[in-house]
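Shown next, in structure tokens, is the structure this report addresses.
The values are calculated or read from the model by the stated rules, or taken from the named source; none is laboratory data. Keep in mind it's a predicted model, so treat the numbers as computed, not measured. No Cβ is skipped: glycine too gets one built from the backbone with ideal geometry, and neighbour counts run over all protein chains shown. When the accessible area is computed, the model is the full protein with side chains, heavy atoms only, and any ligands, DNA or RNA have been set aside. Shrake-Rupley method; radii C 1.70, N 1.55, O 1.52, S 1.80 Å.
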Amino acid sequence: MKESVTTRRAVPRRSRAFTRGVHHLALCTDDMKKTTEFYTRLLGMPLVHAMKVPPGLGTGPKNRGNPPYEEIRHYFFDMGNDSLLAFFEIPRGKEPAGNRNAIGAMQHCAFVVTAERFREVEARLKSQGIDYIGPIAQLPGPLGIYFYDPNGIRLEFACQPEDGETPAVIPCVTQTKAQARDELSTLPGVTPEWIEMRLAALPG
């Protein structure tokens with residue numbers, strides 16, 4: 001595998017993003033009980049809010065992008081670092097199963113964990129007889145374990161062993177300008193000026 005990242009590199013101050021990270025990731029299920037059991041007991045994400053969507057937000061004029069079903073369950077789980085994993089419960093049989101490789105779909109969701117938690121989740125998967133792939137190296141630095149939740153959503157638990165109990169995700173994957181420039185130059189229709197603008201946040 002061609003190395004494309006440099007580990008343990010400090011991210012320049014100018015690269016700080018406008019956003020503060022994920023507030024919540026909203027996914028869909030047709031079995032909230034099974035989903036709640038999986039995420040709370042197996043993956044250790046506490047349930048922090050259980051509700052039904054108020055009337056009129058599913059199909060009425062006040063719909064703000066919710067699934068088009070009235071008064072469906074919407075539960076929130078603590079996935080760490082002050083961010084939430086949420087599920088809408090879609091009425092069974094009303095929607096087709098998703099294709100994770102479709103354009104616009106979510107291919108998989110990766111959660112960062114410490115080295116200790118990484119070992120723990122692998123032990124939990126084994127004890128529950130849940131098939132998984134890994135641990136495997138995706139890039140120089142991180143290891144991943146891949147498996148599916150009860151809804152067919154592909155999940156990954158990612159760990160950076162050399163970071164121990166204080167994983168630093170952005171520094172682990174940050175490239176140098178030269179490394180990123182090589183790849184960006186393969187995009188169709190780009191100019192050198194366009195490439196250099198995209199490289200502004202990376203170290204020399």
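A few points about this structure:
- The helix-based estimate of mean residue ellipticity at 222 nm for the chain, built from -39,500 (n - 2.57) per DSSP H run of four or more residues and divided by its residue count, is -5000 deg cm²/dmol to the nearest 500.
- Carbon + sulfur, % of accessible area of the chain - ligands and nucleic acids excluded, 1.4 Å: 54
- Summing charges over all other residues whose Cβ lies under 15 Å from the Cβ of residue 118, with Lys and Arg as +1 and Asp and Glu as -1, gives -3.
- Per-residue HN-Hα couplings for region 151-161 [Karplus 6.51, -1.76, 1.60; θ = phi - 60°; Hz; x = Gly/Pro]: 9, x, 7, 7, 10, 9, 9, 10, 9, 10, x
- Check: region 15-173 dipole with +1 on Lys, Arg Cβ and -1 on Asp, Glu Cβ, in debye: 420
- For residue 48, the residues 5 or more places off, or on other chains, whose built amide H falls under 5 Å of its own are 76, 77, 78.
- Normalised per residue, the accessible area of the chain is 63 Å², obtained with a 1.4 Å probe and no contribution from ligands, DNA or RNA.
- Considering only region 5-159, percent of DSSP beta bridges that pair antiparallel, nearest 5: 65
- Residue-wise HN-Hα couplings along region 54-59, as the Karplus relation 6.51 cos²θ - 1.76 cosθ + 1.60 with θ = phi - 60° gives them from phi, are x, x, x, 9, x, 10 Hz; Gly and Pro carry x.
- Net charge of Cβ neighbours under 12 Å - reference residue 142; Lys, Arg +1; Asp, Glu -1: -3
- Proximity of backbone amide H atoms, modeled 1.01 Å from N, is registered between residue 84 and 24, 25, 79 at under 5 Å, excluding neighbours fewer than 5 places apart on the same chain.
- Sorted into 5 angstrom bins from 0, the C-alpha pair distances of region 48-129 split as 3, 11, 13, 16, 20, 18, 10, 6, 3, 1 percent.
- Within-14-Å neighbourhood charge of residue 52 [Cβ basis; K, R +1; D, E -1]: -2
- Signed unit charges on C-beta, dipole axis of region 70-171, positive-most listed residue 87, 161, 77: 87
- Between amide H atoms placed 1.01 Å from N, distances below 5 Å from residue 111 occur with 156, 157, 158, all of them 5 or more places distant or on a separate chain.
- For region 14-76: rounded, prolate or oblate by the Cα gyration tensor [a/c cutoff 1.5]: oblate
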